[in-house]
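The values are calculated or read from the model by the stated rules, or taken from the named source; none is laboratory data. Bear in mind the structure is a predicted one, so any value in this text is a computation, not a measurement. Every residue, glycine as well, gets a Cβ built from its backbone with ideal geometry; the counts of neighbours run over all protein chains shown. Remember, those area values only see protein heavy atoms, side chains included, never the ligands or the DNA or RNA. Shrake-Rupley method; radii C 1.70, N 1.55, O 1.52, S 1.80 Å.
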Amino acid sequence: MHVSKKAVFEENNVPTAKHTVMQTFDEEKVKDFTYPLIVKPVDSYSSRGVYKVESLEALKEAFPKSVAFSRGNNAIVEEFCEGIELTVDVWVDGGRAHVLSTSVSDKLDIKDRFILYRTKNPAPISEKIAEKVKEIAQQIADAFHLVDSPMLIQMITDGVRVNVLEFCARTGGCIKYRIIKKASGFDVIRGVVDITLGKKVHVEEIKSENKYITNTFLYCNPGIFDRFEGFDELLSEGIISDYCQFVASGTEFDSITCSGDRVGSFTVQDDSLDALREKSALVMKKIAVLDRDGHDMLRHDLVTDLIY
């Protein structure tokens, strides 16, 4: 019998949205739900199979698409919570949950999809909400009996309440480990390797390299990717602090359907918001993602001005 993490949340008073888990669609299970709803596979990644629906008809259409992305053929249907979404990276040390970073993400303006293009650290939340985030992280660690482990939690807050969307006992994907280290000084990859080898890992002082750290993901127009241009120069000038190419030359891009369709990313950090904005804008003017004919494939239009 499949026991969802949401069921464990309920048993341990972890705040989360009204939901149900289904393998086959059962209209009776959602008859008392308030739209809009979110339908998502219980075990996918990179926003694959996640849909926001406004009606029963749309839910019926989206449900099988979501289930198709699930290894266990199960999807969660839950009420949509208004607010800002928080990504909370945690390390559990001897049963104690240490919040390493709390960030927010900007998403592409694509209807009914949740495709990330920028993360901003730290999240612009009050001290009260930050304390609530820490309390909930500890609740989750206790509920799932985590002792020495990384933890990634997605939460949403309206500034008063905090609800948990999902969590997993792992580090953030892609290059998130680099951002976590910049934001906290803690190397989660080294930590995972050490506990795998049976070594004890302890979280010492949590300290960010800069007051603000942003990471921007890049997407392309259809075509065949060849190379990056302008990134090394910006890195040597100190405008960007890091960048990463996610695919090999010769990779073909089509449509943008999920967060996994990105070609690369760059990181900008500073103690001044004005300087951060200036750097981000300069980067988008200076970089290019070239195809085999030397044409710029980069969707410059998808990266909006940095608003914190």
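Taking GluC sites (Glu not before Pro) as exposed when DSSP calls them loop (any state but H, G, I, E, B) and at most 16 other Cβ atoms lie within 10 Å, what is the longest stretch of the chain free of them, the sites themselves excluded? Write out the running numbers ahead of the final one.
Numbers: sites that count: Glu54, Glu82, Glu204, Glu205, Glu209, Glu237.
It runs 83-203.
Could you calculate the FRET efficiency of Thr34 with Asp301 from 1/(1 + (r/R0)^6), where r is the beta carbon distance between them and R0 is 45 Å, rounded to 0.05?
Computed FRET efficiency for Thr34 and Asp301: 0.85.
With r as the distance between the Cβ atoms of Arg71 and Asn221 and R0 = 30 Å, compute the FRET efficiency 1/(1 + (r/R0)^6) and round to 0.05.
Values: r = 32 Å, r/R0 = 1.06.
In this case the efficiency is close to 0.40.
Sequence neighbours fewer than 8 away in the same chain don't count; with that in mind, list the lysines whose C-alpha is under 21 Å from Lys134.
Excluding near neighbours in sequence, the set is Lys5, Lys6, Lys120, Lys176, Lys181, Lys182, Lys207, Lys211.
Mind checking the full-extension length gain between Ala248 and Ile206? Use 0.36 nm per residue of separation minus the Cα-Cα distance, one decimal, nm.
Values: separation 42, 0.36 × 42 = 15.12 nm, distance 3.50 nm.
Length gained, Ala248 through Ile206: 11.6 nm.
Estimate the FRET efficiency between Cys168 and Glu54 by the formula 1/(1 + (r/R0)^6), using the beta-carbon distance for r and 35 Å for R0, to the nearest 0.05. The partial results should precede the final answer.
On the way: r = 28 Å, r/R0 = 0.80.
Approximately 0.80, to the nearest 0.05.
If you work out Cα Rg over 2.2 N^0.38 Å from the coordinates, which of (i) 1.03; (ii) 0.97; (iii) 1.14 do you get?
(i)
What whole-number value in Å² describes the accessible area per residue of the chain for a 1.4 Å probe? Each step should come with its number before you reach the end.
Working: 15350 Å² over 308 residues.
Per residue, the chain has 50 Å² of solvent-accessible surface.
Using a 1.4 Å probe over the heavy atoms of the protein chains, calculate the carbon and sulfur portion of the accessible area of the chain as a whole percent.
On the way: 7360 of 15350 Å².
About 48 percent, which is the carbon plus sulfur part of the accessible surface.
By how many nm would the segment from Asp43 to Glu131 lengthen if fully extended, with 0.36 nm per residue of separation less the alpha-carbon distance?
Numbers: separation 88, 0.36 × 88 = 31.68 nm, distance 2.86 nm.
Length difference between fully extended and current span is 28.8 nm.
So what is the calculated 222 nm ellipticity per residue for the chain, using -39500 (n - 2.57) for each DSSP H run with n of 4 or more, over all residues, to the nearest 500 deg cm²/dmol?
Values: 7 runs with 74 residues, N = 308.
Helix contribution divided over all residues of the chain: -7000 deg cm²/dmol.
Report the full-extension gain for the segment Glu278 to Phe25: residue separation times 0.36 nm, less the Cα-Cα distance, to one decimal in nm. Please report the intermediate quantities before stating the final value.
Numbers: separation 253, 0.36 × 253 = 91.08 nm, distance 4.89 nm.
86.2 nm is the gain from fully extending Glu278 to Phe25.
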